[in-house]
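**Q** Quick one: structure below, then a few questions.
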Amino acid sequence: MGSNSINAYSQRHYGRGTPSRADEALGQSEIFLEFQERLSRVAPVNRPTLLLGERGSGKELAANRLHYLSKRWQGPFLTLNCSALSQSLIESELFGYEKGAFTGAAQRRIGRFEAADGGSLFLDEIGNIPMEVQEKILRVVEYSTFERVGSSESIEVDVRIIAATNADVKALVARNLFKQDLLDRLSFEVLMVPPMREREEDILLLVNHFAGRMAVELGWTEIPRFSPEAVRALEEYQWPGNVRELKNVVERAVYRSNSPRITEIVFDPFFSPYEKKPSELEPKDSASDAVSSDVSDLLTRPLKEAVWGLKVQMLENALEKARFNQKKAARLLGLTYHQFRGLYRQYRENED
């Protein structure tokens, strides 16, 4: 991105209007392209599809693409985030209600299923839907009919359901928090949205994309360029918040920079420079005493248990020092990233 003018760049990538969020579904890594291929294959098939993935990984973008690659692309595409609504509100939003159905129902209102007739309905965070509402959704999936709240009249609709969650939905079924029958109906195809940490080849592509878009918004005349140190930091970070976090970090870096050369990357905007470090809050000898106490405790254990305990202490200490950047933690421990991942996997399994 060496051009000194951003006008041609912005026209080429974003057109004349406001860029669409669909532009964020970018990638060139093998894992991303494989996911897009699976998505494209199921899109024309008129069956429910379940998207599983971590927060910020792009489940809504995937749902949007499923709809617009389907034969329903000219029909409506409606969404409902189920995570923050009570049972009564979710039921009203999905199925609508008749006038007088409850206090405040001054007139009839159609729900999302009715409004999405002929198109697709995206139910985000479906794991949060109460069991009673799940029963009614199951009926729509099986028979394509439902009743508005306060009515006994059946309404027939033609809607494709696309559902998503970051929860372990099979575990919810085991705890009787999600209906097995509904899960069976929704999972004609299950697509796992890849997390950002598995898409290393896509990081710089997305970084340049978000940086260029932010520069357009700020009215810059030059395209942002990242220093080698900034690039290294971006590539080594694990991105627990996935694409959403990457977008925020990059846009913040561009906005805060005084020049098109970006050198400072802030991953944690909540970090306070005024907070005292633990070493400043307590005498150094007390900290060393704590370490000595931990080591003394290990010396009283059986050898195998003591060795594992030391590994855990060193792992946790390295992660804390590296601010949970696993590649940096591996370097602090003198391990390759592959060796570190093996140790970390054992650690997580023992924690569980």
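The values are calculated or read from the model by the stated rules, or taken from the named source; none is laboratory data. What you are looking at is a predicted structure, and each value in this text was computed from that prediction instead of being measured. Counting neighbours? That spans all protein chains shown, and the Cβs are built from the backbone with ideal geometry, glycine included.
**Q** Which of the residues belonging to the range 133-159 are among the small types (G, A, S) and in contact with an Asp or Glu (Cβ under 7 Å, 6 or more places away or on another chain)?
**A** Correct list: S144, G150, S151, S154.
**Q** Given the residues A105, A84, which is the only one that is in the same structural domain as R185 (by TED's automatic domain parsing) and more than 24 Å from the chain's Cα centre (by Cα)?
**A** Matching residue, one of A105, A84: A105.
**Q** Quick one: count up the residues across the range 174-205 that are touching a strand residue (DSSP E or B) at 6+ places or on another chain (Cβ under 8 Å), assigned to a loop (DSSP other than H, G, I, E, B) and either not assigned by TED's automatic domain parsing to the domain that holds T49 or not small (G, A, S) (or both).
**A** Residues in the range 174-205 being touching a strand residue (DSSP E or B) at 6+ places or on another chain (Cβ under 8 Å), assigned to a loop (DSSP other than H, G, I, E, B) and either not assigned by TED's automatic domain parsing to the domain that holds T49 or not small (G, A, S) (or both): 2 in total.
**Q** Would you say A215 is under 18 Å from the mean Cα position of the chain (by Cα), within 30 Å of V250 (Cα to Cα), of a type in the set (G, A, S) and not in a strand (DSSP E or B)?
**A** Taking the combined requirement at face value, the residue does not satisfy it.
**Q** On the basis of being surrounded by fewer than 17 Cβ atoms within 10 Å (Cβ to Cβ) and in contact with a Ser or Thr (Cβ under 9 Å, 6 or more places away or on another chain), does E264 make the cut?
**A** So E264 fits the description; yes.
**Q** Does the range 242-265 include one or more residues that are within 22 Å of P194 (Cβ to Cβ), in a loop (DSSP other than H, G, I, E, B) and not β-branched (V, I, T)?
**A** no
**Q** Just to be sure before I move on: is A171 outside any loop (DSSP other than H, G, I, E, B) and either surrounded by 19 or more Cβ atoms within 10 Å (Cβ to Cβ) or basic (K, R) (or both) in the structure I sent?
**A** No, not satisfied.
**Q** Let me confirm something: among L89, L138, which residue is over 25 Å from L39 (Cα atoms), in a helix (DSSP H, G or I) and of a type in the set (A, V, I, L, M, F, W, C)?
**A** None of the other options fit; the residue is L89.
A quick yes/no check of all residues on (1) assigned to a helix (DSSP H, G or I); (2) surrounded by fewer than 14 Cβ atoms within 10 Å (Cβ to Cβ); (3) at pLDDT 95 or above; (4) touching a Ser or Thr at 6+ places or on another chain (Cβ under 6 Å):
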| residue | (1), (2), (3), (4) |
| --- | --- |
| G2 | no, yes, no, no |
| Q11 | yes, yes, no, no |
| T18 | no, yes, no, no |
| F32 | yes, no, yes, no |
| L39 | yes, no, yes, no |
| R47 | no, yes, yes, no |
| L51 | no, no, yes, no |
| R65 | yes, no, yes, no |
| G100 | no, yes, no, no |
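**Q** Quick check on my filter: what residues within the range 210-253 are among the hydroxyl-bearing types (S, T, Y) and crowded, with 21+ Cβ neighbours inside 10 Å?
**A** Y237
**Q** Which of the residues spanning the range 62-116 are of a type in the set (F, W, Y) and within 13 Å of I129 (Cβ to Cβ)?
**A** F95
**Q** Does V254 meet the test of being hydrophobic (A, V, I, L, M, F, W, C), in contact with a His (Cβ under 9 Å, 6 or more places away or on another chain) and either under 30 Å from E132 (Cα atoms) or in contact (Cβ under 8 Å) with a residue 24 or more places away in the chain (or both)?
**A** Criteria not met by V254.
**Q** Only one of F122, F95 is surrounded by 13 or more Cβ atoms within 10 Å (Cβ to Cβ) and either over 25 Å from L51 (Cα atoms) or under 24 Å from the mean Cα position of the chain (by Cα) (or both). Can you tell me which?
**A** F122
**Q** Within the range 102-135, track down each residue that is in contact (Cβ under 8 Å) with a residue 24 or more places away in the chain, part of a loop (DSSP other than H, G, I, E, B) and farther than 16 Å from V157 by Cα.
**A** Correct list: F102, A105, R108, E125, I129, P130.
**Q** Additional query: Report yes if V190 is among the hydrophobic types (A, V, I, L, M, F, W, C) and at pLDDT below 95, otherwise no.
**A** no
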